[in-house]
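What follows draws every value from the coordinates through simple rules; no lab data is involved. Treat the numbers as computed from the prediction; the structure is a model and nothing was measured. Reconstructed Cβ throughout: ideal geometry from the backbone, glycine too, with neighbour counts over all protein chains shown.
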Amino acid sequence: MALIIRELKKSLGGKPVLQGVDLEVRNGETLVILGQSGCGKTVLLKHIIGLMKPDEGEIWVDGKDITKLSFKELIKVRRQFGMVFQASALLDSMTVAENIGLSLRRRGRLSKEEIRRRVSEALEMVGLKGWENALPAELSGGMRKRVGLARAVVTRPRFLLYDEPTAGLDPVMARSIDRLIVHLKEHMSSTSIIVTHDIVSAFSVCDRIAFLHDGTIRFLGYPEEVRHSEDPVLREFFSGGLVLWGEDGALR
Ligand SMILES: Nc1ncnc2c1ncn2[C@@H]1O[C@H](COP(=O)(O)OP(=O)(O)OP(=O)(O)O)[C@@H](O)[C@H]1O
Ligand SMILES: [Mg+2]
């Protein structure tokens, strides 16, 4: 297992958000976490990269419970994670290349030339070759997402976490981001966790799907199992996304 979450609990503003999340993520898989808006998907991701501490529970990476690490130890573990944020979170005053290279510069181990090469390679991977000197303000929403992806992969992380990678994009751009996620997975052999409420996207990129509902993982399985699930809550969520059931009772 690449990552193991046990009995994770977190209340925010006096309200229970995570109420005992159990989840095991396998090495190299792409796990999609689906759930309604406000159910706690972003909160769960923030726990996985150590930006939030749980009230109770454990998160195991490489034999270490990262919820118990000191800040210094946590920084080391966090270097294994690349994160694509819900809002692209680019720094407006920096060029595309400076944004993407920021984490490499901070680590201070690579020469300027090597960083330049790695940034160009990451830009090429996301289909934005030659955009090094543009400013974020000059880019469309879809292009900013791509730069966010390039920034996450440039460190060649073991884990790639995506928060709503297709939100706010038109369907054509959303599907092209989906293809990019699959492409990056094939080239980097990372373990990916993708949080979304885009059902089409979920089915096209996932190995397995987890469904977060009422603060726990209500379902975890392969797309085929989602299609044949008889859980009314799961079926309602998917029919809200206009996925239809056939006469045999399975999702189409
Ligand atoms: N820092 C915070 N302080 C107080 N409440 C918070 C905080 N962060 C999140 N919450 C609450 O926790 C709940 C879950 O929020 P979260 O952002 O994880 O939802 P989400 O599943 O990512 O939703 P969406 O799909 O809309 O992004 C919400 O009710 C939210 O108001
Ligand atoms: Mg969210």
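Figures for the structure shown
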| item | result |
| --- | --- |
| Pair residue 98, residue 189: separation of 7 Å Cα→Cβ label points (nm) | 3.6 |
| Around residue 169: net Lys/Arg minus Asp/Glu count, Cβ-Cβ under 11 Å | 0 |
| Whole-number D in µm²/s for the stretch 116-194 (Stokes-Einstein; Kirkwood sum over Cα pairs; 25 °C, 0.890 mPa s) | 192 |
| Viscosity 1.306 mPa s, 10 °C: Kirkwood-radius Stokes-Einstein D of the stretch 171-228 over Cα pairs, µm²/s | 128 |
| Exposure proxy order (Cβ contacts within 10 Å, fewest to most) of 140, 70 | 70, 140 |
| Long-range HN-HN contacts of residue 83 with modeled amide H, under 5 Å | 161 |
| For the stretch 53-133, convex hull of alpha carbons as volume per residue, Å³ | 145 |
| nm² value of the averaged projected area, convex hull over the Cα atoms of the chain | 14.1 |
| Centroid-to-centroid separation of the stretch 131-169 and the stretch 171-237 [C-alpha atoms, Å] | 19 |
| Net charge over other residues, Cβ less than 15 angstrom from the Cβ of residue 185 (K, R count +1; D, E count -1) | +1 |
| Residue 225/residue 60 FRET efficiency (R0 30 Å; Cβ-Cβ; nearest 0.05) | 0.75 |
| Helix-only [θ]222 nm of the chain, DSSP H runs n ≥ 4, -39500 (n - 2.57) each, per residue, nearest 500 | -11000 deg cm²/dmol |
| Potential extension, residue 89-residue 172 segment - 0.36 nm per residue separation minus Cα distance | 27.7 nm |
| Net charge of Cβ neighbours under 15 Å - reference residue 221; Lys, Arg +1; Asp, Glu -1 | -3 |
| Most to least packed among 205-218, 104-117 [average Cβ atoms within 10 Å] | 205-218, 104-117 |
